[in-house]
1. Need the full-extension length gain, Arg28 to Asp55, defined as separation in residues times 0.36 nm minus the C-alpha distance. One decimal, nm.
2. With +1 on each Lys and Arg Cβ and -1 on each Asp and Glu Cβ, how big is the dipole of the stretch 11-62 about its Cα centre, in debye rounded to the nearest 20?
3. Per residue of the stretch 52-66, in order, report the coupling 6.51 cos²θ - 1.76 cosθ + 1.60 (Karplus, θ = phi - 60°) as ³J(HN,Hα) in whole Hz, putting x for Gly and Pro.
4. So for the chain, averaging the separation of alpha carbon pairs under 8 Å that are six or more residues apart and normalising by length, what relative contact order in percent results?
5. Per residue and in cubic angstrom, what volume does the convex hull of the Cα atoms of the chain have?
6. List the residues whose amide H sits under 5 Å from the amide H of Gln45, counting only those 5 or more places along or on another chain, with H placed 1.01 Å from N in the peptide plane.
7. Where does the charge balance sit around Ala48 when Lys and Arg score +1, Asp and Glu -1, over other residues with C-beta under 10 Å from its C-beta?
8. Using modelled backbone amide H atoms (1.01 Å from N, in-plane), which distant-in-sequence or interchain residues come within less than 5 Å of Cys65's amide H?
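Since every read-out is calculated from the coordinates, none of them should be taken as a lab result. From a predicted model like this one, the values you see are computed outputs, not experimental measurements. As a convention, Cβ positions derive from the backbone with ideal geometry for all residues, glycine included, and neighbour counts pool all protein chains shown.
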Amino acid sequence: MHAKATNNLKVLSCHTIDMETFVEVNCRDYDHYASLPDVVELNGQLLARTGWNSDRNVAYYKSGCLIAYPK
């Protein structure tokens, strides 16, 4: 599956398991992780940033998270 996030992040992998989407994107270090958007849109679906792996240099996004919008 080829996919591209609207926030111009390169999607390294994208998987759907039990109706939830899991995405990995490049992430150099913690400062880069902190600068990534909290929420991205992929194929019309909102994905929340959920963590990162410093050994693999990736950050994770997934669907199915509650997302609050400021008023």
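1. On the way: separation 27, 0.36 × 27 = 9.72 nm, distance 0.97 nm.
Stretched out fully, the Arg28 to Asp55 stretch lengthens by 8.8 nm.
2. Values: 4 positive and 8 negative charges, 12 e Å.
The calculation lands at about 60 debye.
3. Result, ordered by residue: 8, 10, 6, 6, 9, 6, 9, 10, 10, 10, 8, 7, x, 8, 6 Hz.
4. Working: 120 pairs, mean separation 20.7, N = 71.
Relative contact order of the chain: 29 percent.
5. Working: hull volume 7.0 nm³, N = 71.
So the per-residue hull volume is 98 Å³.
6. none
7. Working: positive: Arg49, Lys62; negative: Asp38.
Net of charged neighbours comes to +1.
8. Sorted by chain and number, the residues that satisfy this are Ala48.
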